[in-house]
Amino acid sequence: MENKKGRIFITSDVHGCLDELIKGLELINFKSNDILYVLGDANDKGPKSLETIDYIRNKKNIIHIKGNHEYAIERSIEGDIRIPNKKQILKEVEERNIIDNGYKESLYRYIKGLPYYIIEGDFLLIHGGIDINIEDTKEEIIKKLEDKAIEEQVLLNREFWINIFDPIYKTKENNFGSKYLNIIIGHTPMQNTFEKNINIGIRENKYGKKVICLDTGVFTSAKNYDGKLSIIEIGKDNILNIVYVNSSI
């Protein structure tokens, strides 16, 4: 897919693996007139958590969509006691704020303002999932998404589509996803459903529209899996061009 100036790429779940992200951008020869969408979870787990967010937010042509790990920073700063690793999140942010006065407030405002979905052409870009009917029109889907009450569902939910990538999942009608939109998600690593070699998940429904999962576990503590970062370009006629960056973790 090309915008008026350049190419459009999508990745997800970088999880603090900034070196892999930079290497991926080098492999695709990412230029200033290209656009990269990051479908959430840029931070946590990897060695350069906050640095990855900072790298993304300082690039005008990288568009950051909120994931549950960004949401955890937002809610931790707001004082939400439900966040499991709240103390560690705040420790990292406060340490950075000591050497960079105003960092905490700047980071909070940045994350608070992130979109939790974007529609690009006939692609819905979203971190987790949303409860829709396959027959819902594009307008009906947008109406659901615009209800702020649905934000946590969109960021946290795993159940709506992830089971369609499991080899044991059977459906004669391929009755999932959307009749009108291809849907690209992250959130749940494909290592949960595939063998050792992790690749992106792609399933096509009965209307020819796809659900694509880009989380290929660039940071994974599971030693039996070969995690990697996935970057896709939506080319002409919606042909997928895929680049994998092996994890150095």
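The values are calculated or read from the model by the stated rules, or taken from the named source; none is laboratory data. Note that the structure is predicted; figures quoted are calculated from it, not measured. Heads up, the Cβs are rebuilt from the backbone with ideal geometry, glycines too, and the neighbour counts pull from every protein chain shown.
Scanning the stretch 1-33 for residues that are among the aliphatic types (A, V, I, L, M) and assigned to a loop (DSSP other than H, G, I, E, B), which turns out nearest to SER248 (Cα to Cα)? Ranking the candidates gives VAL14 first. In this structure, is ASN3 of a type in the set (S, T, N, Q), at pLDDT 95 or above and surrounded by fewer than 22 Cβ atoms within 10 Å (Cβ to Cβ)? Considered against the rule, which asks whether it is of a type in the set (S, T, N, Q), at pLDDT 95 or above and surrounded by fewer than 22 Cβ atoms within 10 Å (Cβ to Cβ), ASN3 comes out as no. Criterion applied to ILE83, ILE63 was being surrounded by fewer than 24 Cβ atoms within 10 Å (Cβ to Cβ) and assigned to a strand (DSSP E or B), and the one residue passing it is ILE63.
Exactly one residue out of LEU90, LEU36 is in a helix (DSSP H, G or I) and either within 20 Å of the chain's Cα centre (by Cα) or farther than 18 Å from GLU233 by Cα (or both): that is LEU90. Checked against the criterion of being surrounded by 22 or more Cβ atoms within 10 Å (Cβ to Cβ), under 23 Å from LEU125 (Cα atoms) and touching a residue at least 60 places away in the same chain (Cβ under 8 Å), the candidates LEU27, LEU39, LEU107 yield just one match: LEU39. Within the set LEU145, LEU155, LEU124, the sole residue that is buried (at least 20 other Cβ atoms within 10 Å of the Cβ), at pLDDT 95 or above and under 22 Å from the mean Cα position of the chain (by Cα) turns out to be LEU124. Here is the figure for the stretch 93-124: residues that are among the small types (Gly, Ala, Ser) and assigned to a helix (DSSP H, G or I) total 1. Candidates GLU92, GLU51: the one that is farther than 18 Å from THR220 by Cα, acidic (Asp, Glu), surrounded by fewer than 18 Cβ atoms within 10 Å (Cβ to Cβ) and in contact with a Gly (Cβ under 9 Å, 6 or more places away or on another chain) is GLU51.
Taken together, the residues in the stretch 110-163 that are of a type in the set (Val, Ile, Thr) and free of Cβ contacts under 8 Å to residues at least 60 places away in the same chain amount to 9. In the stretch 78-93 there is no residue that is among the acidic types (Asp, Glu), more than 30 Å from LYS60 (Cβ to Cβ) and modelled with pLDDT of 95 or more. Once the stretch 182-229 is narrowed to residues that are of a type in the set (Gly, Ala, Ser) and at positive phi, the residue that is modelled with the lowest pLDDT is GLY217.
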